[in-house]
Amino acid sequence: MSRYDDEHGRDVGRTFAALPPARGHGFARSWWGRAWLQALEDAALETAAVKAGRRLARAGGVGAVTVRPGRVTAVVRDPGGAAHRADVLLPELSAEEWARFQDLAGEQAGHMAALLDRELPPHLIEDAAVAGIDLLPGLGDLEPECDCGAWDHCGHTAALCHQVARLLDEDPFLLLLVRGREKDAFLAELHVRGTAQPSGASPATAGVDAAEAWAAADVVPPLPELPGLPQGIGTPPSLTAEAVAAPGIDTAALEHLAGRTAVEAYRLLVAARGVDPRAGTDLTAAQDAVRLACGPAPAVVTERLASGSGRGRDGLAAAAGAWRLGGAAALTVLDEEREVEGVALTRARAALEGAWEADERPEFHRSGNRWTVQGEGVQLRLDREGHWWPYRDEAGRWIPAGGSDPDPATALASVRPGAGEPGDF
């Protein structure tokens with residue numbers, strides 16, 4: 001990332017290096033990014049332009065993105081290599097609107113604390129919208145400009161919008177920048193505004209005003225910072241033959257159990273510092289057997305787990321592969337074959353129809369929540385959250401082949417090497 005200064009040397013923007021292709025995951029994982037893309041979809045007159053932009057951005061066709069007040073800019077390359085400058089304009093907030101926004105931020109101690117901790121609370125943006133101050137783009141706010149000559153959103157400006165959504169996933173304060181305030185400048189103004197004393201006012205006396213204390217009673221002080229993660233997963237002590245094991249104790253199984261417990265303890269530490277898609281402790285004995293089978297184990301232990309899980313050796317290997325990809329959720333998709341009906345089926349069909357152009361869409365055969373591509377030995381499975389999981393046919397057994405994705409085209413691309421996504425305009 002680099003700074004962008006105007007002719008007076010003032011810091012008025014940021015330039016972000018080109019992001020790698022987005023294959024393997026969808027766009028707009030955050031509330032901010034989804035709202036940005038929703039504004040694009042509402043504004044674009046042609047849905048084909050939005051789809052073309054999504055393909056371009058996913059393939060890595062968007063260069064470095066410059067974000068500055070009222071405008072985002074990038075060079076976008078067509079699949080054939082032609083480069084176009086694309087701009088998306090957004091109205092800046094007025095000085096009066098910024099003052100009102102800062103007043104709103106200072107009204108609640110929780111908002112102020114989050115901002116000064118460099119976090120942008122979604123509730124503050126919602127409160128501001130109710131007060132008529134829109135940080136998020138609305139209908140018609142994203143105005144396109146492209147040297148390809150299009151008068152409405154084209155594939156190039158739509159690709160730029162998709163890339164900005166990825167940037168917003170990482171730093172929602174870019175919303176403030178494109179509306180006219182750089183993050184550090186805004187926070188400095190907010191701090192000064194919160195600590196400024198009215199002219200002629202007498203120095204504050206010691207103590208806390210009772211009304212302020214009562215109003216802030218439900219504000220929870222921030223938790224202490226978490227300690228850093230260990231360098232790696234701990235290794236349990238080895239059980240040697242120096243002491244004779246008590247009758248009925250299988251030392252090989254006990255060593256394996258201790259090792260898998262160390263792995264689970266490390267996972268829980270990671271989950272405490274972020275989001276672990278495999279989180280969840282309410283496991284059945286059969287599910288826990290699969291979890292225990294995910295690490296190297298003596299043959300005798302593997303046999304016991306295969307028997308205890310009721311899967312056999314091959315079934316346990318497939319289940320362990322699913323667990324590594326997504327934990328209990330992936331294991332449920334492996335085992336579950338259910339009917340998809342009503343609204344869920346309508347949404348699934350809409351997702352499949354919108355993921356490809358009509359002449360690019362694979363030919364699927366559906367059975368319940370499983371969509372199989374005819375003649376290719378690959379399959380998509382739909383979970384109850386609306387995510388798609390890729391599978392591959394190996395010797396007559398369907399094997400998990402990748403993690404889930406809300407976009408069926410991205411999920412399927414991970415299991416169809418070389419298929420890609422055509423980027424024709």
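The values are calculated or read from the model by the stated rules, or taken from the named source; none is laboratory data. Note that the coordinates shown come from a computational prediction; the quantities given were computed from them, not determined experimentally. Methodologically, a virtual Cβ is constructed for each residue, glycine included, from the backbone with ideal geometry; neighbour enumeration extends over all protein chains shown. The area values use the complete protein model at the heavy-atom level, side chains included, leaving out ligands, DNA and RNA. Shrake-Rupley method; radii C 1.70, N 1.55, O 1.52, S 1.80 Å.
A few comments on the model shown:
- Applying the criterion of being touching a Lys or Arg at 6+ places or on another chain (Cβ under 7 Å) and of a type in the set (A, V, I, L, M) to the residues of region 368-415, the residue that is farthest from residue 353 (Cα to Cα) is 399.
- Scanning region 390-413 for residues that are under 19 Å from residue 54 (Cβ atoms), touching a residue at least 40 places away in the same chain (Cβ under 8 Å) and open to solvent by less than 40 Å² (accessible area, probe 1.4 Å) yields 405, 407, 408, 409, 410, 412, 413.
- One residue alone among 118, 166 is part of a loop (DSSP other than H, G, I, E, B) and either surrounded by fewer than 14 Cβ atoms within 10 Å (Cβ to Cβ) or of a type in the set (Lys, Arg) (or both), and that residue is 118.
- Total residues in region 95-110, condition open to solvent by 50 Å² or more (accessible area, probe 1.4 Å) and either modelled with pLDDT of 95 or more or closer than 21 Å to residue 136 by Cβ (or both): 6
- Out of 329, 319, 348, one residue alone is at pLDDT 85 or above, closer than 22 Å to residue 386 by Cβ and either open to solvent by 20 Å² or more (accessible area, probe 1.4 Å) or over 25 Å from the mean Cα position of the chain (by Cα) (or both). It is 329.
- For residue 161, the test of being of a type outside the set (Val, Ile, Thr), out of contact with any Leu (no Cβ under 8 Å at 6 or more places or on another chain) and modelled with pLDDT of 85 or more is failed.
- Condition met for residue 161 (under 24 Å from residue 17 (Cβ atoms) and over 25 Å from the mean Cα position of the chain (by Cα)): no
- First in region 288-313 and on the phi > 0 side of the Ramachandran plot, second anywhere and buried (at least 19 other Cβ atoms within 10 Å of the Cβ), Cβ under 7 Å, 6 or more apart: 312/306
- Within region 169-181, considering residues that are charged (D, E, K, R) and over 22 Å from the mean Cα position of the chain (by Cα), the one surrounded by the fewest Cβ atoms within 10 Å (Cβ to Cβ): 181
- Residue count for region 35-87, restricted to those that are of a type in the set (Phe, Trp, Tyr) and either over 24 Å from residue 177 (Cα atoms) or surrounded by fewer than 18 Cβ atoms within 10 Å (Cβ to Cβ) (or both): 0.
- Segments classed as helices (runs of 4 or more DSSP H), wholly inside region 290-364, with at least 3 members that are under 30 Å from residue 50 (Cβ atoms): 312-335, 342-355
- Of the residues making up region 351-362, not a single one is aromatic (Phe, Trp, Tyr), surrounded by 13 or more Cβ atoms within 10 Å (Cβ to Cβ), closer than 30 Å to residue 62 by Cβ and modelled with pLDDT of 85 or more.
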